[in-house]
Protein chains: 2
Amino acid sequence: MYISVDGFGGDNAPNEICEGVALALKEKSGFNVYLVGDENKLAPIVANLDCDKSRIEIVHAPQVITMDDHPATAMREKPDSSMAVAFDLVKEGKATAVLTAGNSGALLSGGIFKIKRIKGVVRPALAPFMPCFGIPGKSRTLILDAGANADCKPEYLLQFAFMASEYLRVVFGIKNPSIGLINIGTEETKGNELCKRVYEMLKDSDLNFVGNVEARDIASCKADILVTDGFTGNVVIKFMEGMAQTLLSEMKAAFMSSTVSKIGAALAKNQIMQLKNKVDYEELGAGILLGVSGGVFKCHGSSGRRSIKNGLLQAVKFSQDDVIGVIKENMKEIG
Amino acid sequence: MYISVDGFGGDNAPNEICEGVALALKEKSGFNVYLVGDENKLAPIVANLDCDKSRIEIVHAPQVITMDDHPATAMREKPDSSMAVAFDLVKEGKATAVLTAGNSGALLSGGIFKIKRIKGVVRPALAPFMPCFGIPGKSRTLILDAGANADCKPEYLLQFAFMASEYLRVVFGIKNPSIGLINIGTEETKGNELCKRVYEMLKDSDLNFVGNVEARDIASCKADILVTDGFTGNVVIKFMEGMAQTLLSEMKAAFMSSTVSKIGAALAKNQIMQLKNKVDYEELGAGILLGVSGGVFKCHGSSGRRSIKNGLLQAVKFSQDDVIGVIKENMKEIG
């Protein structure tokens, strides 16, 4: 089994990507990696990795898709990019899943146009983890759609819920994942037309639907899965990133504003770092594009090696457990 | 000129409401206050206020709308509540504006059904301030609609932008308020169908439209006004409140976790409080329901006296500057 890894996606490529691959290979057996990118740059890095290098196959791809490339056209305009070639390996059946820390928009078009939808799935959805707080033993919530579909119909959201539920059950061993609907009130009759209809559909389904979740509770671990349309989901995750960054930099500025507070900050440094880690994407695990015929995993753009390692092991588990097959069956039943 | 104040709205009523009224009266002349609520409870508090009490007229209203009352029906079911009577005073032309820290949903139905829309306004919108960071001299952004209309049509958002622009210009002296559209990308072609159409309409208008604002920049002071549909706006403000509370309590827990970090936190206490104040609603000013034929102002439920004072002075300025008249003229022009 091969996972293809985009060696040139994200802010810390290619070094941290390669180191993350090495960490994953050391931790787990039973899979190999296609490491995709400029082989002149990758070969010397791989030569120095501390792992079984026979499990890494470098696949040459000289181009790089950057954050400045247009998401919708990047895959076509740079067919020899590390990301496009990494997706091609899944398309051609050589790899079961692809992992990238690169351009999210390009990932979406790669997933949808190269790897294509699972039969019966109306729309694939982007499903990242978000940190959540306040309930012991829970630290993250899967949210979808986080931006694949700006306009959604009720039936899309029902499918998102089904796919996410299977994904968490199979890959993460959560028995009967709870599902909340992001809404502007907790009552059944609340929300926009989309939410009202989705509420009914989820209530009538055999999913573990726990009702509406108000936005103030998005980070309160009220459900394993939060379902929403791709516009709202994208606003939520980007707003959270922006807020977290803003608050942390304001906190830093506040602490640095006097000698006494500087000493205070130095004394509380470990605790501040722990808090920072909680809202950090590094530990959360990779996001997934659910609903396409292959594993498509997205690490945060600023991912370091730990994040890449976690994402890669997630992709391995996803492939071993045949989540695609499970979703296919599920779509037949609900379709 | 009278402003009617709901004496029994919010967590700190009636004491902090009354103290806030006193602060406002001491700071500014030229207006009086109808203080609405149970006179047996209000009279002894007012008797002890440090201000010109001849400017306060207590209006008896024995009932109270609580956060547990159903937003849509509370006004009808409790016609003798402090909030309903406070709205009636505006409806009857006795007061030019009403201020409450109570139930937002009840405020909406009070504004729309009692005070009614300005002629030409398709839909009123709820417009609170949000804190923003990173640009010297800027500390808040007006966001609308924050929840009055779960489903919006493009023309609603265009009107929201016009009304908000006049409001900031007239009441806050911002010359040509900049307007951003909350979207899931910065490019013109990004977003859901609603955003694409609103983008065109705003671009073609003579408003100071600065383009799409991605959610990660909502708190970055990119525009004086952020326009969005009532579902997204409500999600944004509630998510921010939830996140801020969560992060502050996590921060507190982190600091309290060791003796050394406790000392650190004690040394940095002033700076932590400054940061807390920045994300605090107390200093931001009241939200407004724009588009109805009277001033409808909403202070945060946990408002203390400073927040009430600020909201009251805002309502006074709004009334003196005849914002309703300005919006009426404006609606004629764009209508």
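The values are calculated or read from the model by the stated rules, or taken from the named source; none is laboratory data. For clarity, every value in this text was computed on a predicted model and none was experimentally measured. All Cβ positions, glycine included, derive from the backbone under ideal geometry; neighbour counts span all protein chains shown. The area values use the complete protein model at the heavy-atom level, side chains included, leaving out ligands, DNA and RNA. Shrake-Rupley method; radii C 1.70, N 1.55, O 1.52, S 1.80 Å.
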Problem set entry | Those residues of segment A:204-216 which are touching a residue at least 12 places away in the same chain (Cβ under 8 Å) and farther than 8 Å from residue A:179 by Cβ, in sequence order | A:205, A:211, A:212, A:213, A:214, A:215
For this session: Determine whether residue B:298 is over 21 Å from residue B:149 (Cβ atoms) and more than 8 Å from every other protein chain (Cβ to nearest Cβ).
Result: no
Exercise. Is there any pair linking a residue in segment A:178-192 that is on the phi < 0 side of the Ramachandran plot to one that is aromatic (Phe, Trp, Tyr), with Cβ under 7 Å and at least six apart or on different chains, and which?
Worked result: A:179/A:209; A:181/A:199; A:184/B:231; A:188/A:199; A:192/B:231
For this session: Consider residue A:44 carefully, then state whether it is open to solvent by less than 80 Å² (accessible area, probe 1.4 Å) and in contact (Cβ under 8 Å) with a residue 12 or more places away in the chain.
Result: no
Exercise. Of the residues B:234, B:192, which is at the interface with another protein chain (Cβ under 8 Å from one of its Cβ atoms), out of contact with any Cys (no Cβ under 8 Å at 6 or more places or on another chain) and surrounded by 24 or more Cβ atoms within 10 Å (Cβ to Cβ)?
Worked result: B:234
Seminar exercise, completed: Within segment A:178-188, restricting to residues that are open to solvent by 10 Å² or more (accessible area, probe 1.4 Å) and more than 9 Å from chain B (Cβ to nearest Cβ), the one that is farthest from residue B:147 (Cα to Cα) is A:178
For this session: Working only within segment B:54-71, note down all residues that are exposed (fewer than 14 other Cβ atoms within 10 Å of the Cβ) and more than 16 Å from residue B:10 (Cα to Cα).
Result: B:54
Exercise. Of everything in segment B:219-231 that's over 27 Å from residue B:155 (Cβ atoms) and of a type in the set (Gly, Ala, Ser), which residue is surrounded by the most Cβ atoms within 10 Å (Cβ to Cβ)?
Worked result: B:219
For this session: Go through segment A:242-257 and give me each residue that's open to solvent by 20 Å² or more (accessible area, probe 1.4 Å) and either more than 7 Å from chain B (Cβ to nearest Cβ) or in contact (Cβ under 8 Å) with a residue 40 or more places away in the chain (or both).
Result: A:245, A:248, A:249, A:252, A:253, A:256
Exercise. Would you call residue A:228 within 7 Å of chain B (Cβ to nearest Cβ) and farther than 22 Å from residue B:273 by Cα?
Worked result: no
For this session: State which residue is farthest from the chain's Cα centre (by Cα) when the search covers only segment A:15-30 and only residues that are over 20 Å from residue A:101 (Cα atoms) and open to solvent by less than 80 Å² (accessible area, probe 1.4 Å).
Result: A:30
Exercise. Condition test on residue B:271, is it open to solvent by less than 40 Å² (accessible area, probe 1.4 Å), part of a helix (DSSP H, G or I) and without any contact (Cβ under 8 Å) to a residue 60 or more places away in the chain?
Worked result: yes
Seminar exercise, completed: Per the list (1) within 14 Å of another protein chain (Cβ to nearest Cβ); (2) without any contact (Cβ under 8 Å) to a residue 60 or more places away in the chain; (3) of a type in the set (D, E, K, R), residue check on residue B:175 breaks on (1)
Problem set entry | Filtered residue count, segment B:324-335, keeping only those that are surrounded by fewer than 22 Cβ atoms within 10 Å (Cβ to Cβ) and under 18 Å from residue B:172 (Cβ atoms) | 4
Seminar exercise, completed: Checked segment A:153-205 for anything in a loop (DSSP other than H, G, I, E, B) and β-branched (Val, Ile, Thr); matches are A:174, A:184, A:186, A:189
Seminar exercise, completed: Per the filter on segment B:215-259, residues part of a loop (DSSP other than H, G, I, E, B), of a type in the set (A, V, I, L, M, F, W, C) and either touching a strand residue (DSSP E or B) at 6+ places or on another chain (Cβ under 9 Å) or within 22 Å of residue B:135 (Cβ to Cβ) (or both) are B:218, B:219, B:221, B:223
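Yes/no per residue for (1) in a helix (DSSP H, G or I); (2) under 19 Å from residue A:229 (Cα atoms); (3) in contact with a His (Cβ under 7 Å, 6 or more places away or on another chain):
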{"site": "A:75", "(1), (2), (3)": "yes, no, no"}
{"site": "A:85", "(1), (2), (3)": "yes, no, no"}
{"site": "A:98", "(1), (2), (3)": "no, no, no"}
{"site": "A:102", "(1), (2), (3)": "no, no, no"}
{"site": "A:110", "(1), (2), (3)": "yes, no, no"}
{"site": "A:113", "(1), (2), (3)": "yes, no, no"}
{"site": "A:119", "(1), (2), (3)": "no, no, no"}
{"site": "A:122", "(1), (2), (3)": "no, yes, no"}
Exercise. Which residues, counting only those in segment B:116-128, are modelled with pLDDT under 95 and either farther than 21 Å from residue B:153 by Cα or open to solvent by less than 10 Å² (accessible area, probe 1.4 Å) (or both)?
Worked result: B:118, B:121
Problem set entry | Sole residue being open to solvent by 50 Å² or more (accessible area, probe 1.4 Å) and at negative phi, chosen from B:88, B:6, B:38, B:80 | B:80
Seminar exercise, completed: Across segment B:195-213, the tally of residues that are within 10 Å of chain A (Cβ to nearest Cβ) and open to solvent by 30 Å² or more (accessible area, probe 1.4 Å) stands at 1
